[in-house]
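*Asks:* Can you keep this structure in mind? I'll have questions shortly.
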Amino acid sequence: MPPVVELKSVTHAYLGDREASLAVEDLNLEIRDGEFVSLVGPSGCGKTTLLSIIAGLLPPSRGEVHVNGRPVSGPSPEVGYMLQQDYLLPWRSILGNAALGLELTGRLDEAGRKKTLELLADMGLKGTEHYYPGQLSGGMRQRVALVRTLATDPGLLLLDEPFSALDYQIKLQLEDLVAETLRRRGKTAVLVTHDLSEAIAVSTRVILLERNPGRIRRVFEIPDRIANTPPLYARDQPGFAELFHELWKEMELAGKIEGTAGKIEG
Amino acid sequence: MNKAGAENTGTAASRSEWLSSRHEEFKRAKRLRKRAVFAVQGSLLVLFFAAWETAARLGWIDRLLFSYPSKVFRQIYVNMADGSLWHHLGITLGETAAGFVLGTLLGTLLAVAIWWSPFLSAVLDPYMVVFNSMPKVALGPIFIVMFGAGFTSIVVTTLSITIIVTTLVVYNSFCGVDPNLVKVVRSFGANRRQVFFKVILPSSFPAIVSTLKVNVGMSWVGVIVGEFLVAKSGLGYLIIYGFQVFNFTLVMSSLIIIAFVATAMYQLVVYIEKVLLSRR
Ligand SMILES: Nc1ncnc2c1ncn2[C@@H]1O[C@H](COP(=O)(O)OP(=O)(O)OP(=O)(O)O)[C@@H](O)[C@H]1O
Ligand SMILES: [Mg+2]
């Protein structure tokens, strides 16, 4: 079985009229079926760029990208991409937004609607189906965007800081819900986050990037004991704290390269 | 606890009473103000016509050039009664409506076409700028030669005024749509058609509706100028004709009718806009 995601010496430069900047350089990465990989790194190290490349929204300047063994030529419904901000369509109701993916892929039938409603309820959004995005708080909107991505049931999920706008309580609950759902259904996921403990708690592997240009600095394999425990309890597992400190130190070093030590916000 | 609770409901009740009385007061003040504005507006209108009538009767202004209201309204009444007004009004209204609807529709379609093909947009850009800066009515004689002196060339003159502006405004709003919204639908594998109908069009809807308002005014300009040039029938023709035979009563009555009908049409469009946008 080919890896779900395979990046071979991927380089991406943003080209503008004024300047060209190197966002990602010579990056190799393989993600196997069922893995939950977290990408962490200082702001501007190319995490979003990398997800856009895997999603097929951004053709890389150089290198090869394969998803499920096939070269990526554009976005496809088998990859679900949740953008860093919610970007809900303001003229559509919450249900209309959540079901957007199903509608676009021609799968919006009664069953699809019901499943979307259930997902909304799971995320604590019951009763908001007929509201409009402007009537929801930032955290609620983010959850709607998450539902929108999950509703099409893609095999590979790319989540760009999906929990960043949530309060701590809901964040922990949703981490649990999402990680468990994905694990149960055997999905593969790539999560971008700036919360190191979240990265360790939910993933099987944490990839730390450094910036200017964006490169892999270090890969942390999460021991099975932590990886197989639901995120909420993983934080109490022995070894978690040590891993956290190691990651934290490494992160600080990655951020220091440019003299902006410890800047880890999104 | 209980005592505090009871006290609270007591103050809450008086509070809501106070609030609703303040609200009533606020609404009454607003109503009064509205009535005052309306009254002053009405008196201004009456005053204007009275001043005009008096000035003409007392010979302060030239009666031949400026006519006077009682004569103007009598003229309107006579023309209504003998049916000649309806003929001219019908023609002008038909031309304006055709110019307005076609201009908005074709302008929007052209905007869609150039959005669809960025290459086409780049190619057409300088031509659109030139055409847009040009005084289009100068093309009137050419249209008359091409389409004959009549309905068609008047509508085409109107279109030349409305289409490009519509295209520019609508295309601009297409381009102003948040690219991230497009990214969202693209991430689900949407094709260009889906991107257009799910994101671009609905989010530009308010801009399209607002061009309706602009176009209704533009269409009147186009049609009246077109009728000046063609001069066979219509309200614009009546103005030119009245001017040529020195019948300024006819000129004034046509102007008053135009003011009235154009306002009615504008209000209709405003109403349509409200209905269209309120359903969102
Ligand atoms: N559209 C763009 N045009 C030009 N440069 C860009 C563009 N998008 C990103 N960049 C640059 O590429 C680099 C990587 O950006 P990217 O958005 O991938 O970072 P990130 O790791 O997601 O950061 P954050 O954690 O703040 O979201 C940054 O230096 C950024 O300035
Ligand atoms: Mg980012």
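*Asks:* How many of the residues making up the range B:175-198 are facing another protein chain (nearest Cβ under 7 Å), more than 14 Å from A:Y87 (Cα to Cα) and not hydrophobic (A, V, I, L, M, F, W, C)?
*Replies:* The number of residues fulfilling the criteria is 2.
*Asks:* Which one is nearest to A:A254 (Cα to Cα) among residues in the range A:192-243 that are within 16 Å of ligand 1 (Cβ to nearest atom) and assigned to a helix (DSSP H, G or I)?
*Replies:* That would be A:L196.
*Asks:* Go through the residues of the range A:50-61 one by one and say whether even a single one is in contact (Cβ under 8 Å) with a residue 24 or more places away in the chain, more than 16 Å from ligand 2 (Cβ to nearest atom) and not polar (S, T, N, Q).
*Replies:* yes
*Asks:* If you don't mind, there's one more thing I want to ask. A:L88 fails exactly one of the following numbered conditions: (1) hydrophobic (A, V, I, L, M, F, W, C); (2) within 14 Å of chain B (Cβ to nearest Cβ); (3) within 16 Å of ligand 2 (Cβ to nearest atom). What is the number of that condition?
*Replies:* Unmet condition: (3).
Condition check ((1) modelled with pLDDT under 95; (2) of a type in the set (S, T, N, Q); (3) surrounded by 10 or more Cβ atoms within 10 Å (Cβ to Cβ); (4) farther than 25 Å from B:V216 by Cβ) across all residues:
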residue	(1), (2), (3), (4)
B:G5	yes, no, no, yes
B:A12	yes, no, yes, yes
B:S16	yes, yes, yes, yes
B:H23	yes, no, yes, yes
B:A39	no, no, yes, yes
B:I61	yes, no, yes, yes
B:L65	yes, no, yes, yes
B:R74	yes, no, yes, yes
B:I91	yes, no, yes, no
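*Asks:* So, one more: Could you tell me which of the residues A:E6, A:E35, A:E19 is of a type outside the set (V, I, T), closer than 16 Å to A:I216 by Cα and away from ligand 2 (no atom under 16 Å from the Cβ)?
*Replies:* Values: A:E35 fails: closer than 16 Å to A:I216 by Cα; A:E19 fails: closer than 16 Å to A:I216 by Cα.
Matching residue, one of A:E6, A:E35, A:E19: A:E6.
*Asks:* Right, here's the next one. Among the residues of the range A:32-53 satisfying the criterion of being hydrophobic (A, V, I, L, M, F, W, C) and more than 11 Å from chain B (Cβ to nearest Cβ), which is nearest to ligand 1 (Cβ to nearest atom)? Spell out the reasoning first.
*Replies:* The first filter runs over the range A:32-53 and keeps only residues hydrophobic (A, V, I, L, M, F, W, C), leaving A:36-37, A:39-40, A:45, A:50-51, A:53.
Filter again for more than 11 Å from chain B (Cβ to nearest Cβ), leaving A:36-37, A:39-40, A:45, A:50, A:53.
Values: A:F36: 19, A:V37: 15, A:L39: 8, A:V40: 9, A:C45: 4, A:L50: 7, A:I53: 9 Å.
Per the criteria, the residue is A:C45.
*Asks:* Take the residues of the range A:91-102 that are in a helix (DSSP H, G or I) and at the interface with chain B (Cβ under 8 Å from one of its Cβ atoms): which is nearest to A:M140 (Cα to Cα)?
*Replies:* Applying the first criterion (in a helix (DSSP H, G or I)) to the range A:91-102 yields A:94-98, A:100-102.
Narrowing further to those that are at the interface with chain B (Cβ under 8 Å from one of its Cβ atoms): A:100-101.
Working: A:L100: 17, A:G101: 18 Å.
Step by step, filter the range A:91-102, then rank; the result is A:L100.
*Asks:* Here's a follow-up. Just checking, does the range B:167-178 include any residue being assigned to a helix (DSSP H, G or I) and either closer than 26 Å to B:V230 by Cα or free of Cβ contacts under 8 Å to residues at least 12 places away in the same chain (or both)? Don't jump to the end; show me each part of the working.
*Replies:* Within the range B:167-178, the subset assigned to a helix (DSSP H, G or I) is B:167-175.
Then drop every residue that is not either closer than 26 Å to B:V230 by Cα or free of Cβ contacts under 8 Å to residues at least 12 places away in the same chain (or both), which leaves none.
The answer is no, given that none of the residues of the range B:167-178 is assigned to a helix (DSSP H, G or I) and either closer than 26 Å to B:V230 by Cα or free of Cβ contacts under 8 Å to residues at least 12 places away in the same chain (or both).
*Asks:* Out of all the residues in the range B:53-68, which are in a loop (DSSP other than H, G, I, E, B) and over 24 Å from B:I239 (Cβ atoms)? Spell out the reasoning first.
*Replies:* Just the residues of the range B:53-68 that are in a loop (DSSP other than H, G, I, E, B), to begin with: B:58-62, B:67-68.
Selection gives B:L58, B:G59, B:W60.
The values are calculated or read from the model by the stated rules, or taken from the named source; none is laboratory data. Quantities reported herein were computed from a predicted structural model and do not represent experimental measurements. As a convention, Cβ positions derive from the backbone with ideal geometry for all residues, glycine included, and neighbour counts pool all protein chains shown.
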